[in-house]
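The next block holds one structure in the form of structure tokens; read it before the comments.
The values are calculated or read from the model by the stated rules, or taken from the named source; none is laboratory data. Remember, predicted model here, so these are calculated numbers, not experimental data. Here the Cβ positions follow ideal geometry from the backbone for every residue, glycine too, while neighbour counts run over all protein chains shown.
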């Protein structure tokens with residue numbers, strides 16, 4: 001596949017993820033406005049943080065009366081998974097430090113998983129292509145939520161909260177079809193996450209689930 | 001309002017640093033084979049955890065509700081190689097119907 005093909009494929013897949021992203025961004029806009037953030041702050045957050053999980057973490061902690069420090073810790077923990085994810089991406093990006101740092105900002109969950117081709121480096125064009133529609137949808141959805149949230153009603157009533165995890169599940173099924181090690185890594189990761197959810201701050205179960213990759217690999221090399 | 005802006009600003013900066021960390025610190029250098037193999041297995045691990053957290057938990061509580069069932073229906077349909085959008089639509093419709101009944 002040429003780079004242009006990769007980029008176009010990425011945009012096409014990214015449009016699929018843009019819809020649930022848009023719905024989630026609308027609900028973030030509504031939540032933030034209801035919490036008294038005004039109009040500008042939620043939109044700025046969606047542009048400069050550009051992360052649903054971190055933005056909801058901030059809103060939830062501040063909304064429950066928590067301090068800024070508590071909100072920051074919660075959001076950073078929730079996004080700590082991007083540390084190992086960024087290592088995985090490292091060799092796929094191009095150019096000097098500044099350019100690499102900027103391109104790395106286009107790393108979001110769905111695009112990262114899409115750009116993982118199994119063995120070898122990630123596909124940079126696929127990742128960038130798939131993030132662009134999601135970025136537009138995320139910022140656009142926030143604007144709609146802030147200004148027109150009341151007119152939309154509760155998206156959960158329509159089952160729209162199913163869409164995001166269902167798309168992740170689709171990416172997961174694709175991974176599981178690659179082989180047995182992937183299935184083992186997933187099984188261990190799921191068990192670790194389930195065990196930790198009641199006891200740890202949000203975000204920790206996801207980071208800890210990376211242990212599934214290590215254990216699955218060790219299982220193979222000892223055979 | 002100050003807390004909102006402080007939180008957004010600081011999280012944006014830290015988030016930037018986390019996402020940039022791998023590509024900036026490692027550059028484009030070749031990683032050892034062992035690490036590459038771990039990395040290839042990170043995707044199924046992290047995706048599983050994201051699905052589990054999204055569908056089976058509400059803060060610290062484990063839950064099973066209409067959303068859980070909807071996602072399960074979507075997953076089973078996808079595994080049967082039904083086209084993606086049809087499977088997602090069926091899952092969302094399942095959750096919506098369950099919420100009306102309930």
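With respect to (1) within 19 Å of residue B:45 (Cβ to Cβ); (2) crowded, with 23+ Cβ neighbours inside 10 Å; (3) over 20 Å from the mean Cα position of the chain (by Cα), the lone exception for residue A:109 is condition (3).
Of everything in the stretch B:26-47 that is in a helix (DSSP H, G or I) and more than 7 Å from every other protein chain (Cβ to nearest Cβ), the residue that is surrounded by the fewest Cβ atoms within 10 Å (Cβ to Cβ) is B:33.
The condition of being modelled with pLDDT under 90 and farther than 26 Å from residue A:165 by Cα does not hold for residue A:38.
Among the residues making up the stretch A:54-73, those that are under 16 Å from the mean Cα position of the chain (by Cα) and facing chain B (nearest Cβ under 9 Å) are A:54, A:55, A:57, A:58. Residue B:58 meets each of the listed conditions (1) at the interface with chain A (Cβ under 7 Å from one of its Cβ atoms); (2) modelled with pLDDT under 95; (3) within 15 Å of the chain's Cα centre (by Cα) apart from (1). Per the listing B:66, B:3, B:79, B:20, the residue uniquely touching a residue at least 12 places away in the same chain (Cβ under 8 Å) and facing chain A (nearest Cβ under 8 Å) is B:66. Please verify whether residue A:145 is assigned to a helix (DSSP H, G or I), more than 7 Å from chain B (Cβ to nearest Cβ) and at pLDDT 90 or above, treating the condition exactly as stated. Judged against the criteria, residue A:145 is a match.
In the set (1) surrounded by fewer than 19 Cβ atoms within 10 Å (Cβ to Cβ); (2) over 20 Å from the mean Cα position of the chain (by Cα); (3) within 7 Å of chain A (Cβ to nearest Cβ), residue B:8 fails one condition alone, (1).
When restricted to residues that are crowded, with 19+ Cβ neighbours inside 10 Å and farther than 30 Å from residue B:85 by Cα, the stretch A:46-72 contains 7. Scanning the stretch A:115-133 for any residue that is surrounded by 20 or more Cβ atoms within 10 Å (Cβ to Cβ) and within 30 Å of residue B:100 (Cα to Cα) turns up nothing. Restricting attention to the stretch A:190-215, the residues that are surrounded by 20 or more Cβ atoms within 10 Å (Cβ to Cβ) and either in the same structural domain as residue A:55 (by TED's automatic domain parsing) or over 16 Å from residue B:62 (Cβ atoms) (or both) add up to 5.
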